[in-house]
Amino acid sequence: MTLRKSLELFFSGVINSYSQIFFSNNKWFALLLILTSFIDPYAGLGGIVAVVVSNLFAYYIGLSPDNIRNGVYGFNSAMIGMVLGVYFKLSAESILILCMASLFSLLLTAAFLAWASKYGVPFMSFPFLICIWTVLLTTRTYSSLELSERGIYTINELWFLGGENLVGFYNFLNDPPIPQYMDVYLKSLGAIFFQYNLIAGVLIFAGMLIFSRISLVLSIVGFAIGYTYYKITGADFTQLQYSYIGFNFILSAIALGGFFLIPSPRSFLAVLLSIPLIALLIGACAYVLGMYQLPTYSLPFNIIVMLVLYVLQLRYVNYGPYLVQEQFFSPEKNLYSFLYRKERYYNQTYYHIHLPFFGEWKVSQGHSGNITHKGDWKEAWDFVVTDEQDKTWRSPGTNATDFYCYNLPVLSPQAGYVIKIEDTIDDNTIGGVDLEHNWGNTIIIKHGEDLYSKLNHIKKGSFKVKEGDYVYKGDVLATCGNSGRSPEPHIHFQLQVTPFVASKTIKYPISYYVSKKNDGYDFHSFDYPKEGETISRVAGTKLLKDAFYFIPGKSISWNFEGQIFEWEIFTNAYNQAYIYCRKTNSVAYFVNNDTLHYFTEFYGDKKSLLYYFYLGAHKILLGYYQNLEVNDLLPVEGFYSGPAKFFQDFIAPFYIFLKTKYVSRFVSVDDINHPQQIKLSSVAEVSAYGMENRKIEFELTLSVNKISLFTITEKGKKREAVCV
């Protein structure tokens with residue numbers, strides 16, 4: 001690793017060690033917290049030294065650079081350094097103890113991290129507690145260490161430095177003319193960084209107001225619950241008013257209300273139920289630890305939060321609160337990302353089931369159809385082919401061969417193993433039915449555990465596969481016939497969880513398809529075809545597929561506003577594909593499943609060309625249909641940060657009034673059969689109660705197998721990026 005990268009690593013590690021204490025990774029918030037820690041300069045200096053020592057040792061013994069960078073190995077040490085800076089006079093001996101404590105903290109942190117990961121719980125600040133108690137117990141026998149006397153003769157020191165005015169200001173800070181609750185709350189905020197004064201609390205309060213409104217609300221709610229509990233029960237109020245142990249309420253509320261759990265009414269309920277338990281523990285811990293003259297610090301917070309999170313993982317039924325699956329180190333980002341994914345991927349299934357035919361077919365009987373789709377077999381479809389007059393046959397219509405769908409290919413809806421074929425039943429005469437062999441000739445395919453597809457009424461002798469074969473999506477299985485309970489040729493199609501011919505149906509969506517309407521087509525994503533709809537698979541268009549064929553190793557260069565931006569395509573360890581812009585250090589993750597190109601995540605510069613491309617090509621259908629629209633959502637976080645978003649954050653766990661919308665549509669094509677140029681447009685917007693807050697319009701021109709021109713228009717200003 002180069003010197004520059006090493007310095008960047010350690011700088012990030014120091015910064016993030018402080019933001020981690022407040023469940024954040026915002027560097028500006030971290031700098032504010034570091035500033036807060038230096039209200040007591042010795043505490044601030046101790047914290048910095050401890051973090052540097054821990055991270056240097058972690059780097060030396062080869063621990064994870066990512067954990068160093070993210071502050072994982074440093075935040076416990078930062079708290080230890082601040083405590084020792086408060087406790088002891090600055091001396092060579094105290095610095096030595098601080099360094100040893102930092103190393104001990106690192107070892108404990110690495111061990112707790114490995115242990116906690118096995119159970120899917122955070123290791124919290126247990127390393128800090130074990131380490132600081134060990135140091136405080138051990139150093140009682142160290143004669144060369146001197147306890148700090150700062151704060152004992154504060155009034156005298158202040159009088160000497162600034163006279164009556166400075167003493168008056170100090171008294172104001174210690175006993176301000178504000179309600180008791182507010183005074184104790186703000187000082188409890190400062191106590192998180194071992195700064196027992198109003199200034200520290202005000203700085204942290206301002207930091208949360210700027211960087212996380214949900215955390216601010218949770219801190220107030222959590223402290224209010226604990227404060228009220230103390231008042232009602234008559235508990236020892238000095239624990240809150242003098243030791244400011246109430247910071248346990250604040251940290252627990254943020255942790256359970258929005259960091260480890262998705263912010264919601266249920267996460268607030270978890271806070272409401274957990275805070276009184278923490279209050280109980282505070283009293284018990286203060287009594288037991290007081291016997292050894294040890295401070296309680298954050299022990300109640302650690303115990304209750306870890307217990308709650310562990311128990312929530314044991315649930316058989318999850319009605320909420322929902323555990324955060326991907327941590328964004330911000331309650332707002334956790335919430336908005338959760339809602340975005342929940343709505344965007346609604347109904348999406350692990351196995352993508354496709355229509356079992358080529359071309360346009362009509363749903364002659366849908367779910368709960370009034371002919372045969374009833375009871376246990378109601379979640380099924382019947383498909384036929386019709387002409388312009390909605391007839392299924394050509395004259396005279398007396399033979400199976402007169403029907404448009406007869407003998408057309410039947411396709412595999414997804415990859416899997418053929419586990420059952422029935423191929424002994426003759427076709428019926430038109431109008432007749434074979435009630436003895438209800439299902440007719442049948443094929444059943446196993447796609448995964450507890451998921452099978454079944455196709456019926458197949459033409460006898462038309463099977464192209466046999467039992468035991470592995471088939472792929474779109475493989476021809478057989479042809480449409482008229483066997484079984486079938487008065488005229490059609491395909492019966494259903495999904496089921498058992499491998500038998502007469503198995504019950506399950507409701508399972510078709511992944512992607514288009515339905516025909518008077519003036520064009522509608523696109524459907526993980527939907528259920530309805531009776532009477534004329535539907536088809538998405539027919540891919542070569543130009544669209546080539547233009548969005550982003551494979552690892554490919555690079556794309558753009559001339560944008562007089563600068564050249566080069567993008568490169570990579571995949572990560574989880575085989576997720578992404579576009580990387582080296583100049584702006586931005587990353588956009590995407591998926592191309594041969595039907596859709598769509599983006600999933602963006603990290604980096606929100607003013608970069610790559611971010612605009614992430615918005616403009618957020619979801620693109622890879623088959624051309626004139627005027628067809630593809631609708632999607634956008635994550636509000638990052639796309640819009642105006643005043644409405646600021647106020648939205650305060651009530652976001654309960655109500656979202658900002659709505660995002662993305663629409664892409666095909667504009668023109670030069671040749672529908674062999675296109676050499678396609679134009680499509682898209683719009684990304686966010687609004688509140690019908691009032692537009694931000695709107696960006698895009699246009700993509702595809703030619704020569706690539707996206708040749710990308711246009712961005714916002715507030716009347718048009719900018720163009722040309723592919724070079």
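The values are calculated or read from the model by the stated rules, or taken from the named source; none is laboratory data. No experiment lies behind these values; they were computed from the predicted model shown. Don't worry about glycine lacking a Cβ; one is built from the backbone with ideal geometry, like all the others, and counts go over all protein chains shown.
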### Task
Collect the residues in region 29-45 that are among the small types (Gly, Ala, Ser) and either within 16 Å of Ala191 (Cβ to Cβ) or not assigned by TED's automatic domain parsing to the domain that holds Leu103 (or both), keeping them in residue-number order.
Ser37, Ala43, Gly44
## Note on the structure
Checked pairs for region 225-243, first not assigned by TED's automatic domain parsing to the domain that holds Ile278, second modelled with pLDDT of 80 or more and part of a helix (DSSP H, G or I), C-beta under 7 Å and 6 or more apart or across chains, list as none
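Do we have any residue at all in region 650-664 that's in the same structural domain as Asp546 (by TED's automatic domain parsing), surrounded by fewer than 18 Cβ atoms within 10 Å (Cβ to Cβ), among the charged types (D, E, K, R) and in contact with a strand residue (DSSP E or B) (Cβ under 7 Å, 6 or more places away or on another chain)?
Looking through region 650-664, at least one residue is in the same structural domain as Asp546 (by TED's automatic domain parsing), surrounded by fewer than 18 Cβ atoms within 10 Å (Cβ to Cβ), among the charged types (D, E, K, R) and in contact with a strand residue (DSSP E or B) (Cβ under 7 Å, 6 or more places away or on another chain).
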## Note on the structure
Only one of (1) in contact with a helix residue (DSSP H, G or I) (Cβ under 9 Å, 6 or more places away or on another chain); (2) crowded, with 16+ Cβ neighbours inside 10 Å; (3) part of a loop (DSSP other than H, G, I, E, B); (4) among the aromatic types (Phe, Trp, Tyr) does not apply to Tyr625, and that is (1)
### Query
Does region 635-652 contain at least one residue that is on the phi < 0 side of the Ramachandran plot and part of a strand (DSSP E or B)?
no
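Let's see how each residue does on (1) under 21 Å from Leu355 (Cβ atoms); (2) buried (at least 18 other Cβ atoms within 10 Å of the Cβ):
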position: Thr398; (1), (2): no, no
position: Gly432; (1), (2): no, no
position: Glu436; (1), (2): no, no
position: Gly440; (1), (2): yes, yes
position: Ile445; (1), (2): yes, yes
position: Lys459; (1), (2): yes, yes
position: Ser462; (1), (2): yes, no
position: Glu488; (1), (2): yes, yes
position: Lys504; (1), (2): no, no
### Query
What are the residues in region 64-79 that are farther than 11 Å from Asn16 by Cα, buried (at least 19 other Cβ atoms within 10 Å of the Cβ) and touching a Leu at 6+ places or on another chain (Cβ under 8 Å), if any?
Asn76, Ser77
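Every residue, every condition in (1) of a type in the set (A, V, I, L, M, F, W, C); (2) in contact with a strand residue (DSSP E or B) (Cβ under 7 Å, 6 or more places away or on another chain); (3) in the same structural domain as Ser212 (by TED's automatic domain parsing), yes or no:
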{"site": "Leu256", "(1), (2), (3)": "yes, no, yes"}
{"site": "Phe259", "(1), (2), (3)": "yes, no, yes"}
{"site": "Ile278", "(1), (2), (3)": "yes, no, yes"}
{"site": "Gly283", "(1), (2), (3)": "no, no, yes"}
{"site": "Ile303", "(1), (2), (3)": "yes, no, yes"}
{"site": "Val308", "(1), (2), (3)": "yes, no, yes"}
{"site": "Leu312", "(1), (2), (3)": "yes, yes, yes"}
### Query
In region 576-597, which residues are among the hydroxyl-bearing types (Ser, Thr, Tyr) and either modelled with pLDDT of 95 or more or touching a helix residue (DSSP H, G or I) at 6+ places or on another chain (Cβ under 6 Å) (or both)?
Tyr578, Tyr580, Ser586, Tyr589
### Message
I need a count of the residues in region 653-668 that are in a strand (DSSP E or B), of a type outside the set (Phe, Trp, Tyr) and either touching a Lys or Arg at 6+ places or on another chain (Cβ under 8 Å) or closer than 30 Å to Pro321 by Cα (or both).
### Response
7
